[in-house]
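Step one of this worksheet: look at the structure below.
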Amino acid sequence: ELLNLLDLLLQLRGVVAQVSELEKGLKDGRLAWTVANTMRCAEVISSLDPEIFCVHELRITVMRVLDDTLAAADDTLQGLCFSFDPSTSLRVFEAYLTLGDTTGLADKIQACFAQAVLGSSHGIIRTVTGARTQGGAGKDAGLVRNRPYNELCKTLSIDQFRPCLLKTFDVL
């Protein structure tokens, strides 16, 4: 019994040490490494007795690290839509490939780029229409900033439409 208890305690100590390494890997931006090791750590935890309170707490901690890693990958992917960097994109792609979730990655890429396109287009139209309302200042500027994209498009004059469209194409 004591040897079994010792084995359990050694496994728990190893998992606790691994959790610290996982958090350090996440902080260092090693997304794929963190995902892979988080999944291995979760396997070790699942082999332990679930009735032990600290096992439950460790499982929650490991899942939190995995969630934080995926959130960091998503944030990095969103940033790539505005400023592409091949080495950064490789880190994000490796993290999703480690999960085995290529469909999820494709969906995320599509959603992030669509959001980036809409955000950029909206910003350009706000800039153009904001220039018309008292130089972008005052209470009218707040109204322009909060208006939906389609309403802002309707406020463009014929003279503003072409430069706005060209600037949008240039930015995209």
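The values are calculated or read from the model by the stated rules, or taken from the named source; none is laboratory data. As the structure is a computational prediction, the values presented were derived from the model and not from experiment. All Cβ positions, glycine included, derive from the backbone under ideal geometry; neighbour counts span all protein chains shown. Protein only, heavy atoms only, side chains kept; ligands, DNA and RNA dropped before computing areas. Shrake-Rupley method; radii C 1.70, N 1.55, O 1.52, S 1.80 Å.
Yes or no: region 3-13 includes at least one residue that is within 30 Å of LYS108 (Cβ to Cβ) and of a type in the set (A, V, I, L, M, F, W, C). No, region 3-13 has no match at all. The listed residues are ASP85, ASP68, and the only one of them that is surrounded by fewer than 16 Cβ atoms within 10 Å (Cβ to Cβ) and of a type in the set (D, E, K, R) turns out to be ASP85. Scanning region 41-62 for residues that are assigned to a loop (DSSP other than H, G, I, E, B) and open to solvent by 40 Å² or more (accessible area, probe 1.4 Å), which turns out nearest to TYR96 (Cα to Cα)? Only one residue tops the list, namely SER47. Residues in region 1-20 that are in contact (Cβ under 8 Å) with a residue 12 or more places away in the chain, surrounded by fewer than 16 Cβ atoms within 10 Å (Cβ to Cβ) and under 18 Å from LEU70 (Cα atoms): none. Exactly one residue out of VAL15, VAL65 is more than 15 Å from the chain's Cα centre (by Cα), over 30 Å from SER120 (Cβ atoms) and part of a helix (DSSP H, G or I), and it is VAL15. Of the numbered criteria (1) basic (Lys, Arg); (2) over 15 Å from ALA95 (Cβ atoms); (3) under 28 Å from the mean Cα position of the chain (by Cα), the one ARG30 fails is (2).
Under 7 Å between Cβ atoms, which residue pairs at least 6 apart in sequence (or on different chains) link something in region 79-99 that is in a helix (DSSP H, G or I) with a partner that is open to solvent by 40 Å² or more (accessible area, probe 1.4 Å)? From region 79-99, the pairs are TYR96/THR102.
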